[in-house]
Amino acid sequence: DFSPASPISPPLTFGSEHREFVVPNSQCNHSVWLKKELHKIKKFKRMLNKELSHFSESKSGNQISEYICNTFLDKQQEVDINNLRLAEEESGQGPGKAKVGSRKGGAPLSQISGVKKPLGHTNSFSGSTLPKYGVDPKAQHEAELAKILENSEKWGVDMFRIAEITDRKTLTCISYTIFQERDLIKTFKIPGKVFLNFLRTLEDHYLQDVPYHNSVHAADVTQSTHVLLNSPALECVFTPLEVMSAIFAAAIHDVDHPGLTNQFLINTSSELALMYNDESVLENHHLAVAFKLLQNPDCDIFVNLTKKQRQTLRKMVIDMVLATDMSKHMSLLADLKTMVETKKVAGSGVLLLDNYTDRIQVLQNMVHCADLSNPTKPLELYRQWCNRIMEEFFQQGDRERDGGLDISPMCDRFNATIEKSQVGFIDYIVHPLWETWADLVHPDAQDILDALEDNRDWYQSQIPVSPSSSSNDLKEEDEGKSASGSTDSQDIDEEQIDDTPMESNLTKSETVMLNVRTSGVGGSGDGDNPDSSDRIQFQITLQEEEDVESEDKDVNTGV
């Protein structure tokens with residue numbers, strides 16, 4: 001809807017002062033369209049809240065619902081002023097006399113915790129010839145490693161095997177290989193030894209005793225980002241600096257992760273939460289650690305970039321890593337949906353991204369997709385990733401139990417429903433994201449989407465059948481699965497949709513979110529009513545009453 005005043009626009013450059021003038025009518029039309037989109041997003045979140053409240057009718061479903069709400073919805077903290085005053089009176093403190101918890105001799109807040117000193121000594125490369133893949137595997141494993149890395153541009157590389165044969169130097173191996181394949185080392189004149197020093201030091205700052213958020217996960221996200229960048233729909237869209245920024249962001253995105261959630265750090269008044277004011281605590285920390293490492297001359301891989309290039313790279317990396325905060329998921333997805341609806345392509349079908357906002361939005365969602373790509377990988381790999389993240393959750397739950405804290409959703413090892421949680425996770429979070437990404441780069445990600453749906457079906461098949469479910473119920477659910485799982489928007493009867501223009505413009509991805517059947521996930525006899533249906537059909541909620549501002553927050557989930 002935006003059209004420049006002159007027929008020829010200057011080429012886009014970062015930091016460009018070029019402005020486009022908008023015809024008043026066009027601007028008005030855009031405002032109307034934007035209001036409709038915001039209305040749909042609002043309604044979408046409300047519908048998700050309603051379905052999650054239905055989903056939480058059983059004990060296990062409630063735990064999964066709480067996990068999804070607490071993790072993927074950016075909820076504002078609510079403060080009860082009356083309770084605060086009462087707490088002050090009970091503790092004998094008057095107004096303005098609340099004590100800040102003692103830091104018990106922790107590092108000064110001006111220092112970045114987790115950065116090891118001195119840097120670069122144990123990880124300095126002293127050889128005369130750089131290793132082919134950045135690592136020196138034992139002789140008997142060289143051929144195997146070479147064969148695995150031949151497929152570095154394919155989806156589903158076995159990072160666990162690379163970790164085994166490289167003595168857990170997975171991230172160094174993968175990142176070095178990708179930079180070599182993309183010729184980024186030559187393009188940006190990165191000194192080879194410095195590059196190896198940085199990769200080894202970075203990997204050393206991932207905590208290997210953390211079950212999931214370690215350097216193997218970082219390598220997997222980095223390689224997945226590399227594959228997504230190769231999508232034909234994105235061919236020649238991004239500059240070499242943007243490509244390097246995305247791969248670098250993926251490599252550093254979880255450095256020094258303690259294996260605990262942001263909410264845990266906030267609830268326990270940790271040093272990191274104090275440092276970053278409870279806002280994207282871990283993501284800010286990962287960035288601080290990574291850029292601190294670059295200050296060591298032996299690790300400064302961007303030494304030959306211009307000042308402008310360094311500033312641009314830093315801004316893009318910060319934007320991408322902060323977007324890996326899972327509480328930003330719904331906002332990212334909403335932006336991606338809007339981009340899909342207004343997708344601009346050239347005659348060749350390649351995406352047209354002509355401003356920084358659009359370009360970084362695609363890169364943010366790309367890294368976010370790579371970060372949520374475990375369920376799209378070959379099943380044997382997905383199951384290993386699942387076991388690792390659950391063990392990390394359980395270890396946090398153990399700490400919460402030992403400390404007398406409320407155990408976070410999905411963190412109680414004595415009350416876990418892994419299969420149900422994975423099906424719910426895919427239905428409500430992963431599938432909507434990946435389907436929208438697949439629409440953006442259609443048809444490049446169709447195989448990934450197919451693998452995701454197959455894996456979802458496998459986990460669904462592993463959910464124990466409740467004795468209260470009759471064979472007829474199971475038959476109905478099986479028959480309905482193909483119908484309700486369809487991605488065609490015409491599956492929803494027109495009578496079920498409001499007659500307003502904005503509701504008639506449902507996108508394909510919204511339809512899937514609005515039409516999911518999760519037999520056995522929402523409670524297979526665990527709820528109060530064993531005969532209640534497990535079918536969750538989002539289109540039903542489209543018949544809800546007229547929008548009222550007070551309805552924006554769901555009673556059950558509080559979102």
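Regarding residue 391, is this residue touching a Pro at 6+ places or on another chain (Cβ under 6 Å), open to solvent by 10 Å² or more (accessible area, probe 1.4 Å), of a type outside the set (Lys, Arg) and in a helix (DSSP H, G or I)? Taking the combined requirement at face value, the residue satisfies it.
Taken over the range 395-445, the criterion of being without any contact (Cβ under 8 Å) to a residue 24 or more places away in the chain, over 30 Å from residue 232 (Cα atoms) and surrounded by 19 or more Cβ atoms within 10 Å (Cβ to Cβ) is satisfied by 397, 407, 411. With respect to the conditions (1) more than 15 Å from the chain's Cα centre (by Cα); (2) modelled with pLDDT of 95 or more; (3) farther than 17 Å from residue 383 by Cβ; (4) among the hydroxyl-bearing types (Ser, Thr, Tyr), residue 459 falls short on a single one, namely (3).
Of the numbered criteria (1) without any contact (Cβ under 8 Å) to a residue 60 or more places away in the chain; (2) surrounded by 19 or more Cβ atoms within 10 Å (Cβ to Cβ), the one residue 358 fails is (2). Among the residues of the range 429-449 satisfying the criterion of being among the hydrophobic types (A, V, I, L, M, F, W, C) and out of contact with any Ser or Thr (no Cβ under 8 Å at 6 or more places or on another chain), which is farthest from residue 376 (Cα to Cα)? Among those residues, the one meeting the criterion is 440. Condition first: at pLDDT 95 or above, acidic (Asp, Glu) and within 30 Å of residue 426 (Cα to Cα). Can you find one or more residues in the range 291-314 that meet it? Checked the range 291-314: no residue is at pLDDT 95 or above, acidic (Asp, Glu) and within 30 Å of residue 426 (Cα to Cα). Just to verify a result, which residue in the range 222-257, among those that are small (Gly, Ala, Ser) and assigned to a helix (DSSP H, G or I), is modelled with the lowest pLDDT? Ranking the qualifying residues of the range 222-257, first place goes to 233.
Just checking, how many residues over the range 175-200 are of a type in the set (Val, Ile, Thr) and within 19 Å of residue 162 (Cβ to Cβ)?
Matching residues across the range 175-200 total 2.
When each of 145, 171 is tested for being closer than 15 Å to residue 217 by Cα, of a type in the set (A, V, I, L, M, F, W, C) and open to solvent by less than 10 Å² (accessible area, probe 1.4 Å), the lone residue that passes is 171. In the range 262-277, of all residues being surrounded by fewer than 20 Cβ atoms within 10 Å (Cβ to Cβ) and in contact (Cβ under 8 Å) with a residue 40 or more places away in the chain, the one that is nearest to residue 310 (Cα to Cα) corresponds to 275.
Do the conditions hold for residue 354, that is, is it assigned to a helix (DSSP H, G or I) and either at pLDDT below 95 or more than 19 Å from residue 424 (Cβ to Cβ) (or both)? Answer is no for this residue. Would you be able to say whether some residue in the range 301-316 is in contact with a Ser or Thr (Cβ under 8 Å, 6 or more places away or on another chain) and aliphatic (A, V, I, L, M)? Within the range 301-316 (the criterion being in contact with a Ser or Thr (Cβ under 8 Å, 6 or more places away or on another chain) and aliphatic (A, V, I, L, M)), the answer is yes, since at least one residue qualifies. The selection criterion, being open to solvent by less than 40 Å² (accessible area, probe 1.4 Å), in a loop (DSSP other than H, G, I, E, B) and either in contact (Cβ under 8 Å) with a residue 24 or more places away in the chain or over 14 Å from residue 237 (Cα atoms) (or both), does not hold for residue 375. Mind listing whichever residues of the range 313-324 are buried (at least 19 other Cβ atoms within 10 Å of the Cβ) and more than 16 Å from residue 362 (Cβ to Cβ)? Scanning the range 313-324 gives a single hit, 313. Looking only at the range 181-201, how many residues end up being part of a helix (DSSP H, G or I) and in contact (Cβ under 8 Å) with a residue 24 or more places away in the chain? Summing the residues that are part of a helix (DSSP H, G or I) and in contact (Cβ under 8 Å) with a residue 24 or more places away in the chain in the range 181-201 gives 13. So, residue 189, is that one open to solvent by 10 Å² or more (accessible area, probe 1.4 Å) and closer than 19 Å to residue 310 by Cβ or not? In short, yes. Restricting the range 232-250 to residues that are open to solvent by 10 Å² or more (accessible area, probe 1.4 Å) and out of contact with any strand residue (DSSP E or B) (no Cβ under 9 Å at 6 or more places or on another chain), the residue that is nearest to residue 159 (Cα to Cα) is 243.
Within this structure, residue 140 fails the test of being out of contact with any helix residue (DSSP H, G or I) (no Cβ under 7 Å at 6 or more places or on another chain), modelled with pLDDT of 95 or more, open to solvent by 80 Å² or more (accessible area, probe 1.4 Å) and not acidic (Asp, Glu).
The values are calculated or read from the model by the stated rules, or taken from the named source; none is laboratory data. Keep in mind the model is a prediction, meaning the values are calculated, not measured. Using ideal geometry, Cβ is built from the backbone for each residue, glycine included, and neighbour counts are taken over all protein chains shown. When the accessible area is computed, the model is the full protein with side chains, heavy atoms only, and any ligands, DNA or RNA have been set aside. Shrake-Rupley method; radii C 1.70, N 1.55, O 1.52, S 1.80 Å.
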